[in-house]
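The structure appears right after this line, and notes come after that.
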Amino acid sequence: MKYEEMVTFVADETGLSRDAAEESIVATLNVLAERVTASEVRDLLAQLPKALQSRVQIPPQPTSFTLDEFIGRVEGIVPTDDNASAATRVRASFAVLTDAVNAGEMRDITAQLSDDYAEFLGRAQPEAPGVAAQIIGVVRATVNRSADAVRNTVGVTTDLSATTLHRVGTTASRVPDVVAHTLRRAGVIGAQKIERVADVAEDAADSLEQSAERAESRFDEETRAG
């Protein structure tokens, strides 16, 4: 993700000016650099635009503090104004970081943070009232169907190599986790986006289910022909 895209994202999520959004990202990164190990901060910065890398100070040793303290430290750098609280700034900044770097790096970062950071990092499933909750339920059901369909295909295609069987099984097991992560991200970047993300996830799950059914049908035809 480009630097301008990151700033625009935070500005849109918080209602801040571009300058204030930029300050929020920089402040969040600097406080995060105080909270996790220096090596992990360097790994994180390596995936971020140079305009951010040069503005983050890396302490030699991390300091343990809670999410509330984290927010307080950010507020000490960029005081709260009428447009967005420090918590809103931190939430949006964490969200854009999650989009800007790969999933493995964010897992390494979050592994060093305590459970009270979960809501801001997308580790906890957000509550989704009303229609959104129903949509998530539909997606989960579809995902389970698609995964089962793939597993059934694995069960009948005994002529496939062990490597191929492993690939198919791995794909099936990944689907629920991928969709769950996507829905958690939707909650982090804004509950109003859950429905849109769920629609896309449901389409993807349906597509996988259909592909599995076609594969099983093709195998049956080839078996009869043989």
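The values are calculated or read from the model by the stated rules, or taken from the named source; none is laboratory data. Owing to the predicted nature of the structure, the values given are computational and were not obtained by experimental measurement. Here the Cβ positions follow ideal geometry from the backbone for every residue, glycine too, while neighbour counts run over all protein chains shown.
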Checklist entry - Within the stretch 57-86, which residues are within 24 Å of Ser17 (Cα to Cα) and surrounded by 17 or more Cβ atoms within 10 Å (Cβ to Cβ)? => result Phe70, Ile71, Arg73, Val74, Glu75, Val78, Ala84, Ala86
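Scan the stretch 29-54 residue by residue and report those that are in a helix (DSSP H, G or I) and among the β-branched types (Val, Ile, Thr). Please lay out each step first, then the result.
Restricting attention to the stretch 29-54, the residues satisfying the condition of being in a helix (DSSP H, G or I) are 29-35, 38-46, 50-53.
Correct list: Val31, Val41.
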Item to check | Subset of the stretch 80-105 (residues that are of a type in the set (D, E, K, R) and not in a helix (DSSP H, G or I)) | outcome: Asp81, Asp82
Item to check | Per-region count, the stretch 63-77, residues touching a residue at least 40 places away in the same chain (Cβ under 8 Å) and either touching a Lys or Arg at 6+ places or on another chain (Cβ under 6 Å) or in a helix (DSSP H, G or I) (or both) | outcome: 6
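Which residue, of Val41, Val56, Val78, is under 17 Å from Phe120 (Cβ atoms) and of a type outside the set (Asp, Glu)?
Values: Val41 fails: under 17 Å from Phe120 (Cβ atoms); Val56 fails: under 17 Å from Phe120 (Cβ atoms).
Going through Val41, Val56, Val78 in turn, just one is under 17 Å from Phe120 (Cβ atoms) and of a type outside the set (Asp, Glu): Val78.
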Next on the checklist: Among the residues that make up the stretch 65-83, is at least one of them within 19 Å of Tyr3 (Cα to Cα) and either in contact with a strand residue (DSSP E or B) (Cβ under 9 Å, 6 or more places away or on another chain) or in the same structural domain as Ala46 (by TED's automatic domain parsing) (or both)?
Outcome noted: no
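So that you can scan it fast, the table gives a plain yes or no per residue for (1) in contact (Cβ under 8 Å) with a residue 12 or more places away in the chain; (2) out of contact with any Asp or Glu (no Cβ under 6 Å at 6 or more places or on another chain):
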| residue | (1), (2) |
| --- | --- |
| Pro79 | no, yes |
| Asn83 | yes, yes |
| Ala86 | yes, no |
| Val96 | yes, yes |
| Ala103 | yes, yes |
| Met106 | yes, yes |
| Gln112 | yes, yes |
| Asp116 | yes, yes |
